[in-house]
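Structure first, commentary second.
The values are calculated or read from the model by the stated rules, or taken from the named source; none is laboratory data. Given the structure is predicted, the values throughout are model-derived calculations rather than measurements. Cβ coordinates were reconstructed from backbone atoms using ideal geometry, including for glycine residues, and neighbour counts include every protein chain displayed. To get the accessible areas, we keep the full protein, side chains included, count just its heavy atoms, and leave off ligands, DNA and RNA. Shrake-Rupley method; radii C 1.70, N 1.55, O 1.52, S 1.80 Å.
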Amino acid sequence: MKTILITGAAGDVGTHLRRELAGKYVLRVSDLRSLKKINKQEQFARADISKFSDALRITKGVDAVVHLGGYSVEGPWDGILSANIIGCYNVFEAARRNCVRRILFPTSNHAVGYYRRDQTIDHRVYPKPDSRYGVSKVFGEALGSLYADKYGMQVFCIRVGNVGPAPIDKRRLSIWFSPRDLAQLVTIGIEHPEVRFEIVYGVSKNTRSWYDNSNAYRLGYKPQDDSEAYAAQVLAREKPGGDPEVEAYQGGVFVVAEEIPNPAPLPKRKRRK
Ligand code: 15L
């Protein structure tokens, strides 16, 4: 059985993924925070990926990395820099030094959030990040491209929409990613024999999608879910009006967001006396 490192395992996406992949892989689950529950066939490795020594330690001896760790929303530049730029570099470089060839990088719809909602975009479009967070995801994609070309690593970038049991609002009807579709696409990223450098969209087969996800389909992705089943109830909850700027762009509120507090703050360290 392959051993897969999941960084940022305590977050929402990590929690869904661990549940869905249980029993298929040995999961080395890593985070700054403690995990509420550690399952059988999971190994917990606490790490601060902004420290290279931690990144080296957790990537040792694994078959692939799913790098979820870091800020998952807009935030202060210092935090984005340390977790998503330095941390991301550390994970790629540590994996390379530990001869781990395959990295899955769950990037984000916010790497391309400044495309308009009336546009359909594919994996070849020029990045248009909608936030500093989005810029950090573009950085990770670019780093993946470099490590694939320069070092022959196998890099699978998933521009994740919104993962959850059901779509939560109108925008998410276009970018919803059900947990079982997430698990299917991640499994393709781990197992597909011909991955060199790929960008795919991490979304279900949503009727209202803004993406041409043909690259994922080419690699065998067959999503099982469509947000349309929830559309009536989601739209009934929607308030009329709204900021035209937010409504125009795929990134939604991220195009106007400034510094949102980190949902995964560093644990308070005890002061040394
Ligand atoms: C993301 O990239 C975030 O990680 C997630 O928290 C959601 O905000 C999602 O995008 C979204 O666009 O809904």
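Which of Phe52, Ser145, Tyr230 sits farthest toward the positive end of the charge dipole of the chain, with +1 on the Cβ of Lys and Arg and -1 on the Cβ of Asp and Glu? My answer, from the dipole projection, is Phe52.
Taking all protein chains as they are arranged and a probe of 1.4 Å, the heavy atoms of Ser214 leave approximately 50 Å² accessible to solvent.
Roughly how many debye, to the nearest 20, is the charge dipole of the chain about its Cα centre, given +1 on each Lys and Arg Cβ, -1 on each Asp and Glu Cβ, and no other charges? Mind dumping the intermediate values first?
Values: 42 positive and 30 negative charges, 299 e Å.
With Lys and Arg at +1 and Asp and Glu at -1, about 1440 debye.
Label-point separation (nm) for Glu228 and Lys36, each offset 7 Å from Cα along Cα-to-Cβ? Reported label-point gap for Glu228 and Lys36 is 3.4 nm.
Based on C-alpha pairs under 8 angstrom that are at least 6 apart in sequence, the chain has a relative contact order of 19 percent.
All C-alpha to C-alpha distances of segment 41-173, sorted into 5 Å bins beginning at zero, yield P(r) values of 2, 10, 19, 21, 20, 14, 9, 4, 1, 0 percent in whole numbers. Taking all Cα pairs closer than 8 Å and separated by 6 or more residues, the relative contact order of segment 128-239 comes to 28 percent. Since only Gly79, Val100, Gly69 are under comparison, the one whose Cα sits farthest along the positive direction of the charge dipole of segment 28-114, derived from C-beta charges on Lys, Arg, Asp and Glu, is Val100. Positive end of the charge dipole of the chain (Lys, Arg +1 and Asp, Glu -1 on Cβ, about the Cα centre): tell me which of Cys157, Ala216, Thr187 has its Cα farthest that way. Value computed over the given set: Thr187. Between Arg19 and Ala142, the distance separating the two model label sites (each 7 Å from Cα on the Cα→Cβ line) works out to 3.7 nm.
For segment 1-49, with all protein chains present and a 1.4 Å probe, just round the carbon and sulfur fraction of the accessible area to a whole percent. Here it works out to 51 percent. Averaging over all projection directions, the Cα-based convex hull of segment 99-197 occupies 6.9 nm² in the image plane.
Mean residue ellipticity at 222 nm from the helices of the chain, using -39,500 (n - 2.57) per DSSP H segment of n ≥ 4 over the full residue count, to the nearest 500 deg cm²/dmol?
Values: 10 runs with 89 residues, N = 273.
My calculation for the chain gives -9000 deg cm²/dmol from helical runs alone.
When you count, for each residue, the other Cβ atoms within 10 Å and take the mean per peptide, how do 18-28, 97-107 rank with the highest first?
The densest-packed peptide leads the list: 97-107, 18-28.
Given +1 on the Cβ of Lys and Arg, -1 on the Cβ of Asp and Glu, and no further charges, what dipole in debye does segment 81-147 carry about its Cα centre, rounded to the nearest 20?
On the way: 10 positive and 5 negative charges, 28 e Å.
For this selection, approximately 140 debye.
Relative intensity of segment 169-260 on a log10 scale, I(q)/I(0) at q = 0.16, 0.23 Å⁻¹, equals -0.75, -1.14, per a Debye sum over C-alpha point scatterers of equal strength in the absence of solvent. Of the solvent-accessible surface of segment 97-137, computed with a 1.4 Å probe and all protein chains present, 47% belongs to carbon and sulfur. Temperature 4 °C, viscosity 1.567 mPa s: under these conditions the Stokes-Einstein estimate for the chain, based on its Kirkwood radius over C-alpha pairs, is 69 µm² per second.
Taking the Cα centre of segment 23-63 as origin, work out the dipole magnitude from +1 charges on Lys and Arg Cβ and -1 charges on Asp and Glu Cβ, in debye rounded to 20. Intermediate results must be reported in sequence, preceding the final value.
Details: 10 positive and 5 negative charges, 35 e Å.
Approximately 160 debye in magnitude.
Ranked by the mean number of other Cβ atoms within 10 Å per residue, highest first, peptides 1-10, 218-227 order as 1-10, 218-227.
Across His16, His192, His110, mean-square fluctuation computed from a Gaussian network of the chain (C-alpha pairs under 10 Å connected) peaks at His192. The residues of segment 30-139 present an accessible area of 46 Å² per residue when probed at 1.4 Å with all protein chains retained.
Among the protein heavy atoms of segment 151-223, carbon and sulfur supply 51% of the accessible surface, probe 1.4 Å, non-protein parts ignored.
Please state the shape class of segment 1-70: rounded when a/c is under 1.5, otherwise prolate if a/b exceeds b/c and oblate if not, all from the C-alpha gyration tensor. It comes out oblate by the Cα gyration axes. Relative contact order of segment 76-200, taken over Cα pairs closer than 8 Å and 6 or more residues apart, is 28 percent. What is the distance in Å between the Cα centres of segment 195-218 and segment 25-50? Distance between centres, Cα-based: 28 Å.
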